[in-house]
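Everything below concerns the one structure shown next.
Coordinate-derived values only; no laboratory data. No experiment lies behind these values; they were computed from the predicted model shown. Heads up, the Cβs are rebuilt from the backbone with ideal geometry, glycines too, and the neighbour counts pull from every protein chain shown.
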């Protein structure tokens with residue numbers, strides 16, 4: 001039953017995302033345009049702008065939620081998410097460096113972002129081990145925030161000093177948004193995201209064990225070190241793919257896994273796909289709000305996810321504390 | 001809108017004072033602050049490219065001791081040392097030039113620096129230079145401050161003649177609709193309160209975002225596709241921008257048909273006495289595009 005509801009929510013979010021936009025199209029016109037009939041511009045708006053944009057927002061939202069769920073189990077802290085662990089910042093810095101050096105292109109940008117994300121997570125991990133040989137998850141999260149801040153200030157320096165206006169405007173792109181969405185960018189994202197999504201899903205059982213703690217996980221037969229390495233790299237690649245098509249979008253990875261755990265419990269076998277569907281629905285709707293709330297002006301989608309995410313987070317912390 | 005009202009107010013005050021005395025003590029700048037006319041203007045720092053160009057046009061260019069790094073016209077401006085950015089500028093770099101006047105583009109982000117300079121006893125003036133009407137007002141004020149009022153009068157008269165000529169020779173019909181795209185990701189377009197918008201309407205075309213009462217706006221590609229401009233105007237030297245090849249932009253008819261007009265040169269992005277020539281050039285470019 002709850003699966004039916006969740007799938008219905010996802011479908012409704014996608015339909016709303018395609019149906020609304022700054023240009024108001026009637027149901028009839030929309031349906032004709034989807035089938036390739038009617039005015040050329042309307043067909044292009046629906047088929048080449050809205051459909052890939054909503055699909056990309058859904059895929060990115062789902063991926064961020066899955067990344068957050070995996071990271072929270074990995075570090076056994078409910079506050080972990082790609083943004084707070086410095087992954088998004090590292091990926092953004094990698095992407096900005098690639099843009100500033102004018103290398104990469106559509107397929108190379110995610111790889112540059114992946115380089116930044118891996119460097120960031122390695123640095124965060126190393127910092128967290130400063131206090132001793134046992135990983136302290138509180139220090140890990142603080143290190144993530146510090147590395148994220150460092151990456152943000154490096155991006156700021158590159159953007160301030162760069163003579164080229166296109167690099168300066170990368171700042172706007174970093175705020176997050178799906179203006180770059182097309183069938184091509186959806187393909188790029190799909191190719192880069194599918195492997196880590198499968199990897200994380202296949203690690204659902206070890207994630208259940210890891211969530212109990214590394215020692216118990218070892219006793220219960222998990223290859224802890226290998227699982228951790230695999231998951232960190234997969235999380236980095238997912239974050240990098242997301243950042244390189246849509247900039248830095250916060251709160252989806254943090255809030256969605258919590259919301260899902262309330263209804264689905266803690267088993268990753270079902271938690272991960274459920275988080276993917278709800279994260280996708282949330283970001284598709286957030287993007288619809290960003291496009292239409294102040295039409296014809298657009299908001300950065302990160303603003304909308306923060307407006308939705310912060311109150312939900314406060315609510316979750318309250319229920320969690322009591 | 002508020003600054004428009006202020007500007008109109010300043011204009012009204014200026015006009016009202018003119019018959020009595022050209023160097024009236026009660027002249028006000030575009031921020032509504034009284035302008036001290038008794039100060040010598042021998043060492044001037046200009047913090048806007050439009051103001052630098054205007055000072056050179058008035059014949060006061062050799063009195064400039066500082067400019068922004070964006071002041072690239074006339075070529076002689078390159079001999080003036082740069083003090084960096086013009087918005088939220090570096091107060092130490094300005095003070096180091098020992099100016100007696102510092103001229104700002106009117107913006108709230110300059111308020112702190114204006115206060116700091118006033119404390120140092122340096123006279124300041126804020127000018128809004130977004131269109132030809134602003135340019136004429138600024139010429140009158142700077143003419144009075146620098147003692148070049150007669151030059152300002154001549155230049156303004158000639159500009160008025162040029163603008164009259166342009167208005168009377170506007171091609172008949174509604175003209176092509178134009179969207180000015182200044183950035184592609186996210187798409188940023190020029191709204192009504194921009195000099196380029198004024199240039200476009202004098203050239204006999206329509207800015208498809210004329211309803212946006214702001215200098216520029218972030219919109220989605222869908223909005224541009226829906227407004228369906230005949231021509232896209234880009235500030236660049238290349239007639240086919242990189243982003244035009246991206247698949248999502250093919251939803252815009254003018255992109256598919258490669259209807260781009262590239263305007264390069266500072267006469268298009270800031271009001272100056274070269275403006276009428278820019279309008280003539282844009283007319284030629286638009287005519288070539290509609291052939």
Taking Cα atoms only, helix A:301-321 is inclined relative to the longest principal axis of chain A by an angle, in degrees rounded to 10, of 40
Mean per-residue count of partner chain Cβ within 10 Å for A:177-188 equals 4
Computed over the range B:77-184, the relative contact order (Cα-Cα under 8 Å, seq sep at least six) in percent reads 16
Note on the range A:188-322: contact order normalised by length, alpha-carbon pairs under 8 Å, 6 or more apart, percent, works out to 25
Using alpha-carbon positions, the gyration tensor of chain A gives root eigenvalues a ≥ b ≥ c; with a/c under 1.5 called rounded, otherwise prolate if a/b exceeds b/c, else oblate, the class is oblate
A student applying the Cα gyration tensor rule (rounded when a/c is under 1.5; otherwise prolate if a/b is larger than b/c, oblate if not) would label the protein assembly as shown prolate
Fewest-first ordering of A:101, B:47, B:196, A:119 by Cβ atoms within 10 Å yields A:101, A:119, B:196, B:47
Calculated from DSSP helices alone, with each H run of at least 4 adding -39500 (n - 2.57) and the total divided by the residues of chain A, [θ]222 nm to the nearest 500 comes to -24500 deg cm²/dmol
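Kindly rank B:30-41, B:177-188 from highest to lowest mean number of other beta carbons found within 10 Å of each residue.
Going by the mean number of other Cβ atoms within 10 Å, highest first, we get B:177-188, B:30-41.
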Scoring the range A:29-159 by relative contact order with C-alpha pairs under 8 Å, at least six apart, yields a percentage of 24
Partner shielding of B:248-256, as the mean number of partner chain Cβ atoms within 10 Å, equals 5
Exposure-ranked with fewest Cβ neighbours within 10 Å first, A:313, A:294 stand as A:294, A:313
Per its Cα gyration tensor (rounded if a/c is under 1.5, else prolate when a/b beats b/c, else oblate), the range A:121-235 is best filed as oblate
Rounded to the nearest 5, the percent of DSSP beta bridges in the range B:168-291 running antiparallel is 45
Within 10 Å of the Cβ of an average residue in A:295-303, the count of other chain Cβ atoms is 4
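Taking neighbour Cβ counts within 10 Å as the exposure measure, how do A:121, A:16, A:249, A:262 sort from fewest upward?
Arranged by neighbour count, lowest to highest, A:121, A:16, A:249, A:262 become A:262, A:16, A:121, A:249.
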Of all DSSP beta bridges having both residues in the protein assembly as shown, the percent classed as antiparallel (nearest 5) is 30
One finds the C-alpha centres of the range B:156-200 and the range A:1-70 to be spaced, in Å, by 37
